[in-house]
1. Cβ contacts < 9 Å: first residue of a type in the set (S, T, N, Q), restricted to the stretch 46-65; second residue part of a strand (DSSP E or B), any location; separation 6+ or different chain. Result?
2. Return the residue satisfying two criteria in turn: it lies in the stretch 8-29 and is surrounded by 10 or more Cβ atoms within 10 Å (Cβ to Cβ) and among the β-branched types (Val, Ile, Thr), and of such residues it is modelled with the lowest pLDDT.
3. Of all residues in the stretch 38-65 being in a loop (DSSP other than H, G, I, E, B) and aliphatic (A, V, I, L, M), which is farthest from MET1 (Cα to Cα)?
4. Loosely packed, with under 10 Cβ neighbours inside 10 Å and in contact with a strand residue (DSSP E or B) (Cβ under 8 Å, 6 or more places away or on another chain): is that true of LYS63 in this structure?
5. Checking the structure you have, find out if any residue of the stretch 30-37 is surrounded by 13 or more Cβ atoms within 10 Å (Cβ to Cβ), touching a residue at least 12 places away in the same chain (Cβ under 8 Å) and assigned to a loop (DSSP other than H, G, I, E, B).
Amino acid sequence: MAFSYKNKKGTTYYLHGRETQLKSGQKRTIYFFAKEAKEGQLDALPSGYQVSETANGLPVLKKKG
């Protein structure tokens, strides 16, 4: 079951992750939300992150601080 988040407007978004290679050669995982659960969906929030919303209601991940 993919991690889902319902924003203040009532739209459900699903968390995804994808590993990319930076120009420096390092590999980094990027996280993003999509309206449909697709390949790369995650079952839980990554450790040390929390969900926040932009002014438009789009969910984003932020590091806990």
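1. GLN50/LEU61; GLN50/LYS62; GLN50/LYS63; SER52/PRO59; SER52/VAL60; SER52/LEU61; SER52/LYS62; THR54/VAL60
2. Only one residue tops the list, namely THR29.
3. First pass over the stretch 38-65, keeping only residues in a loop (DSSP other than H, G, I, E, B): 38-40, 42-48, 54-58, 64-65.
From what is left, the residues that are aliphatic (A, V, I, L, M) are 42, 44-45, 55, 58.
Values: LEU42: 8, ALA44: 9, LEU45: 12, ALA55: 28, LEU58: 21 Å.
For the stretch 38-65, the residue satisfying everything is ALA55.
4. Details: loosely packed, with under 10 Cβ neighbours inside 10 Å: yes; in contact with a strand residue (DSSP E or B) (Cβ under 8 Å, 6 or more places away or on another chain): yes.
For LYS63, the condition - loosely packed, with under 10 Cβ neighbours inside 10 Å and in contact with a strand residue (DSSP E or B) (Cβ under 8 Å, 6 or more places away or on another chain) - is met.
5. So far as the stretch 30-37 goes, yes, one or more of its residues are surrounded by 13 or more Cβ atoms within 10 Å (Cβ to Cβ), touching a residue at least 12 places away in the same chain (Cβ under 8 Å) and assigned to a loop (DSSP other than H, G, I, E, B).
The values are calculated or read from the model by the stated rules, or taken from the named source; none is laboratory data. Quick caveat: nothing in here was measured; it's all calculated off a predicted structure. We place every Cβ from the backbone using ideal geometry, glycine too, and count neighbours over all the protein chains shown.
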